[in-house]
Amino acid sequence: MTLLSLLSLGGCAHLEPAPVVPPLTLADLRTELSLNEQKVQLAMAQQERQAAQQQQLLTQLNADVAKMKDSVKKVDSKLATLPAEPPKPMAIPTEQCAAPEAGHTVDGKLLVGEAEWLWVDAANDAFQARVDTGATTSSISAQEITIFERNGKNWVRFFLSHQDLDDKIQIEAPLVRHVRVRQASADDLDRRPVVRLAVRIGDMTEKAEFTLKDRSDMTFPVLLGREFLKDIAVVDVAREYIQPKPKLKDVK
């Protein structure tokens, strides 16, 4: 079969021409060379920056090492001056380490127990007081509370009454302010007057603030809170009546 016959049987075949690649010109070669040079320059600049950073870190590291060596030398020189044996303990004379006074801590604070005797100048008598670090303010038993004016200032007259007392004791004291106290067994706030009284416990005399409340059905007619105790006393709850019962001072 001839080639003509094969072409007749297979139909006409369409052959696409191959793409023609234009030849590189001198300008193209120069452009390509310039781009390659820029890439090389950027790479070299980056390497130079990295080398500079490494050199800076190495310089800083050398400086730190030099400081550490200097510190070690100073420590070695101080250690060389230390004695071979530790110094012997020095005995302190007894008169320089005197024992604290009875009823006081080493730093001179008053030592009180869970209950103490408290002298109240306005009542001219001593009463048993409960020491309660859980209470903020102090309280004293009061009945028939009356507020009156004296010399242009508000005062309070009340009667101190308790189950251990045979008679009521009338007390008058300056009114400091009123406070509102919420009782644990009630939702309402109880408005109570606050007075300032001169009191004495052990060998310490203070002017302290007391809220007025009827405590006749309680064990103690007086309660001493944190405001009274802070900065002046240390409480030992395992003991009672560490301080002696105060007595009336002699009037000279």
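The values are calculated or read from the model by the stated rules, or taken from the named source; none is laboratory data. Bear in mind that the values here come from a model prediction, so they are computed numbers and not experimental data. In this analysis, Cβ positions are derived from the backbone assuming ideal geometry, glycine residues included, and neighbour counts consider all displayed protein chains. Heavy atoms of the whole protein, side chains included, go into the accessibility calculation; ligands, DNA and RNA do not. Shrake-Rupley method; radii C 1.70, N 1.55, O 1.52, S 1.80 Å.
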Honestly the range 156-243 on the Cα gyration tensor test (a ≥ b ≥ c root eigenvalues; a/c under 1.5 rounded, otherwise a/b vs b/c for prolate or oblate) is just rounded
Report the FRET efficiency, 1/(1 + (r/R0)^6), for residue 54 and residue 74, where r is their Cβ-Cβ distance and R0 is 25 Å, rounded to 0.05.
0.20
Quick one: order 69, 168, 88 from most to least accessible surface, probe 1.4 Å.
88, 69, 168
Tell me, what is the per residue accessible area of the range 23-176 in Å², probe radius 1.4 Å?
75 Å²
For the range 62-184: Kirkwood Rh in Å [reciprocal of mean 1/r, alpha carbons]:
21.8 Å
Among DSSP beta bridges whose residues both lie in the range 105-252, state the antiparallel percentage, nearest 5.
80 percent
In the neighborhood of residue 55, defined by Cβ-to-Cβ distances under 14 Å, what is the net charge if each Lys or Arg adds +1 and each Asp or Glu adds -1?
0
Excluding ligands and nucleic acids, what accessible area in Å² is computed for residue 167 using a 1.4 Å probe, to the nearest 10?
120 Å²
Which value, in debye to the nearest 20, gives the size of the charge dipole of the range 112-252 about its Cα centre, when Lys and Arg are +1 and Asp and Glu are -1 at the Cβ?
520 debye
